[in-house]
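Working notes, beginning with the structure itself.
Read the figures in this text as sums done on the coordinates, not as results from a lab. The structure displayed is predicted, hence computed values, not measured ones. Virtual Cβ from ideal backbone geometry, glycine too; neighbours counted across all protein chains shown.
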Amino acid sequence: MLMWEQIRANKRNSILLLVLMAAVLSFIGWIIGMAFVSDPMAGTLGIVIAIGLWIIMVIVSFAGGDQIFLAASKAVPVTKNVHPQLFNVVEEMAIAAQLPMPKVYIIVDPAPNAFATGRSPQTASIAVTAGLLGRLNRDELQGVVAHEMSHILHRDILFVTLAGVMLGTITLISHVFLRGMFYSSMGSGRRYSSRSNSGGGQAQLVLMIIALIAAILAPLMATLLYFALSRRREYLADAGGARLTRYPEGLASALEKISQNTKPLAVANKVTAPMYIANPLQEEGMKLSDMTSTHPPISERIKVLRAMAGASFADYSNAFRKATNHSTPIPASALKSDEAVDIRQAGEKKAVDVKRQSRDVGDIMWRTNGYHFLTCACGLKMKIPPNFKSDKVKCPRCGRISAVQS
Amino acid sequence: MGALIVVLVIVVVLAGFIIGLYNTLVRLRNQVANAWSQIDVQLKRRHDLIPNLIETAKGYMVHERETLEAVTNARAQAMGAKNVAESAKSEGLLGQALSKFLLTVEAYPDLKANQNFLALQEELSSTENKIAFARQAYNDQVLFFNNKIQMFPSNIVAGMFNFTKSDFFEIEDAAERDVPKVSF
């Protein structure tokens, strides 16, 4: 109770990063304004437009941002019968965190990943990919869900949304400017050059070049700041997840499995990437490992989790110092008010069967899309589409008629 | 006149202080009650699941009547518990009986392949987890509330309005605490 509140309040470093991003946003607005008309008024107007755009986008994202985000990620809301275990695990973590039950979504994608969204715990949602559900055992799934639940508990989502929208605005402005420049110089190059030759053309050209460079660099800088911000929150969510489950190994081995994946998540993009538990964007054939920058290196996260002697924040902090030689990401106030927490024992371990796994992933995808399964007496498993009208179905192998319950 | 105002100010400040402490205590007591109801929901769910589970297992486990009966009896006893301490004790025994039952299940591959049984087993193990997590949350709340009642100055207000300490939901038996290791 008290401890979570302190973690929530302790956002000094995150706010600093947000302010820096706002500075980048203002600068890009100012320099583009100046590039068009070399007048301080134009620069100011540029800043106003850039900040105004950000505010509008923040309002939009607060009004329906989680819905937009879920839709952009092609997440489908599911009921308990689609995947009872996922529902149970989310419910367990909601109880442990003493939060209301979030809405549950499945992303129809074979790449393993997960994210949480929603401005407040009351409107929170947790989404996991079908690939994640197929690959992880119960303890590992619990670890991932606990990590996401910690994001909700720490109110990270609100913060990441503010920063994410700012990154989006910077990227958008730069993109529009660069595109505009590209096409105007291609289409009507003569008119453009004749204008820059007129009075004060030299200074204008310099400003234009600075603006072009800024438009290329600003998104990169904003991305770096955004990633720095999200990395801190990731470590903290790992610590929170370990404490909620009292089983750091679950999350560690889940991260290990996620990092072995070589397929990028098709529905993720640069802005949404930091929302996921592990960076969803890596190039084909490359391992999702230490190359990532949205998230702390996965191997380091695993190393810290595996070095934990207990499951409390103090244990995470000690393990962090030992494994990375960096200063701890856990606020001192949380360390002081937390009591010792023992690690619980492992649940049952299933042997890994790759063939079965990929079949499971496929089944989860079908089920998420509203199909349900019917096993004929001859053993054939039939997929019944959601718009199937008849109440009987004939088995294509043995010809037996089975009743369809809807 | 001046002295009267000073006294009045002291009385008002003191009254405000007592009201504040009183409200804190009431809020904490309600949080304890709420945390308990969370456990209670899960315990009921556990009690509801057991008959189905036993019914499904019965057909396969003909030679395990004793184990099945132990679970059924423990359940009946747990359902009759009247207070937190009693409930903690009988639920602990039920947990033991259940884990023994689930160990025995390992010897019956047919039962383990039964879809219905698998679904029930997932529900049961999830309910066990929920009980454990709800218990943790409840005990945290109780600790916080009991501390408030015993510590100065809230202990004075607690004494005045008769706030009593809440019981922890502790599982007595050490064997229950560590889940039996299942190897495959």
Inset, instruction - Can you list which of the trypsin sites (Lys or Arg not before Pro) found in the stretch B:98-175 are DSSP loop residues with at most 14 other C-beta atoms within 10 Å? - result: B:Lys165
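Would you order B:Thr164, B:Thr24 from fewest to most other beta-carbon atoms within 10 Å of each residue's own beta-carbon? Intermediate results must be reported in sequence, preceding the final value.
On the way: B:Thr164 9, B:Thr24 14.
With the fewest neighbours first, B:Thr164, B:Thr24 line up as B:Thr164, B:Thr24.
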Legend entry - For the stretch B:159-166, 3J(HN,Hα) per residue [Karplus equation, 6.51 cos²θ - 1.76 cosθ + 1.60, θ = phi - 60°, Hz, x = Gly/Pro]: x, 4, 9, 6, 7, 10, 5, 8
Inset, instruction - Compute the distance in nm between two label points, each set 7 Å from the Cα along the Cα-to-Cβ direction, one at A:Ser390 and one at B:Val7. - result: 9.5
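Using the per-residue mean of other Cβ atoms lying within 10 Å as a proxy for protection, in what order, highest first, do the peptides A:379-386, A:121-128 fall?
On the way: A:379-386: 12.8, A:121-128: 21.1.
Sorting A:379-386, A:121-128 by mean packing, highest first, produces A:121-128, A:379-386.
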Inset, instruction - Arrange A:His154, B:His63 by Cβ neighbour counts within 10 Å, fewest through most, would you? - result: B:His63, A:His154
Legend entry - Among B:Phe133, B:Gly92, B:Gly59 the positive-end extreme of the charge dipole of the stretch B:18-177 (Cβ point charges): B:Phe133
Legend entry - the stretch A:43-100-the stretch B:26-87 distance, computed between alpha-carbon centres (Å): 37
Inset, instruction - Sort A:212-221, B:137-146 for me by packing, meaning the mean count of neighbouring Cβ atoms within 10 Å per residue, highest on top. - result: B:137-146, A:212-221
Legend entry - Expected 222 nm ellipticity per residue - DSSP helices of 4 or more, -39500 (n - 2.57), all of chain B, to 500: -27500 deg cm²/dmol
Legend entry - Averaged over B:119-128, number of beta-carbon atoms from partner chains that fall within 10 Å: 3
Inset, instruction - Would you please give the residues with an amide H less than 5 Å from that of A:Val404, counting only those at least 5 places away or on a separate chain, with H modeled from the backbone geometry? - result: A:Lys392, A:Val393
Inset, instruction - Kindly write out, for the stretch A:213-229 in residue order, the coupling ³J(HN,Hα) from the Karplus curve 6.51 cos²θ - 1.76 cosθ + 1.60 (θ = phi - 60°), rounded to whole Hz, with x marking Gly and Pro. - result: 4, 4, 5, 7, 7, 4, x, 5, 5, 4, 4, 4, 4, 4, 5, 4, 5
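At a Förster radius of 30 Å, what calculated FRET efficiency corresponds to the Cβ-Cβ distance of A:Ser38 and A:Leu178, to the nearest 0.05? Please list the in-between numbers first.
On the way: r = 20 Å, r/R0 = 0.65.
With R0 = 30 Å, the Cβ-Cβ based efficiency is 0.95.
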Legend entry - Which listed pairs, of A:Lys80/A:Lys392; A:Lys383/B:Lys100; A:Lys303/B:Lys148, have C-alpha distances above 30 Å, in listed order: A:Lys383/B:Lys100; A:Lys303/B:Lys148
Inset, instruction - Return A:Phe177, B:Phe168 ranked ascending by Cβ neighbour count within 10 Å, so the fewest neighbours appear first. - result: B:Phe168, A:Phe177
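Can you pull the mean other chain C-beta count within 10 Å for peptide B:135-144?
Details: counts 1, 6, 5, 1, 0, 5, 2, 0, 1, 2.
Mean shielding count: 2.
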Inset, instruction - Calculate the mean, over all residues of peptide B:10-22, of how many other protein chain Cβ atoms lie within 10 angstrom of the residue's Cβ. - result: 0
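Strictly over 30 Å apart at the Cα level, which of A:Lys263/A:Lys322; A:Lys381/B:Lys58; A:Lys394/B:Lys130; A:Lys263/A:Lys394 would you flag in this model?
Values: A:Lys263/A:Lys322 32 Å; A:Lys381/B:Lys58 27 Å; A:Lys394/B:Lys130 42 Å; A:Lys263/A:Lys394 38 Å.
Pairs exceeding the cut-off: A:Lys263/A:Lys322; A:Lys394/B:Lys130; A:Lys263/A:Lys394.
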Legend entry - Sequence-distant residues sharing a close amide H with A:His372 (under 5 Å, placed H): A:Ile384
Inset, instruction - Would you please give the residues with an amide H less than 5 Å from that of A:Val76, counting only those at least 5 places away or on a separate chain, with H modeled from the backbone geometry? - result: A:Ile106, A:Ile107, A:Val108
Inset, instruction - Sort out for me the Cα centre separation of the stretch A:368-390 from the stretch A:136-160, rounded to whole Å. - result: 33
